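The values are calculated or read from the model by the stated rules, or taken from the named source; none is laboratory data. Every value quoted in this text rests on a predicted model; they were computed, and no experiment measured them. We place every Cβ from the backbone using ideal geometry, glycine too, and count neighbours over all the protein chains shown. Just so you know, the surface numbers come from the protein's heavy atoms only, side chains and all, with ligands and any DNA or RNA stripped out. Shrake-Rupley method; radii C 1.70, N 1.55, O 1.52, S 1.80 Å.
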Amino acid sequence: MAYVISDSCVSCGTCAPECPVEAISAGDSQYNIDPDKCIECGTCAGVCPTGAISQG
């Protein structure tokens, strides 16, 4: 199951450059993960300073 970003995202952008398949993009108020591109590697969750990313 793809990773998701919760409302505790502070839009710092730390996760986006770490994604090996470029599944993360900036949204209006927080970053988003495209579930069709996500390969469930967990790299984004490991670098998120607020713990806002978890497996959906």
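Under a Cβ-Cβ cut-off of 14 Å, what is the net charge of the residues other than Ile53 that fall near it, where Lys and Arg count +1 and Asp and Glu count -1?
-4
Could you tell me what a quarter of the Cα convex hull surface of segment 16-56 works out to, in nm² with one decimal place?
2.8
Which value in deg cm²/dmol, rounded to the nearest 500, describes the helix-derived mean residue ellipticity at 222 nm for the chain, given -39,500 (n - 2.57) per DSSP H run of n ≥ 4 and division by the residue count?
Numbers: 1 runs with 5 residues, N = 56.
It lands at -1500 deg cm²/dmol.
What nm value, rounded to one decimal, do you get for the distance between Ser29 and Val10 when each label is placed 7 Å out toward the C-beta?
1.8
Tyr3's amide H: which non-local residues (gap 5+, or another chain) put their own amide H closer than 5 Å, with H modeled 1.01 Å from N in plane and none for Pro or chain starts?
Glu40, Gly56
For the chain, which whole percent of the accessible surface, found with a 1.4 angstrom probe, sits on carbon and sulfur atoms?
Exposed carbon and sulfur together represent 46 percent of the surface.
Run the quick spin-label model on Glu22 and Lys37: label points 7 Å from Cα toward the beta carbon, then report their separation in nm to one decimal.
Each label point is offset 7 Å from its Cα along the Cβ direction, giving 0.7 nm.
Averaged per residue, what accessible area in Å² does the chain show with a 1.4 Å probe, protein chains only?
60
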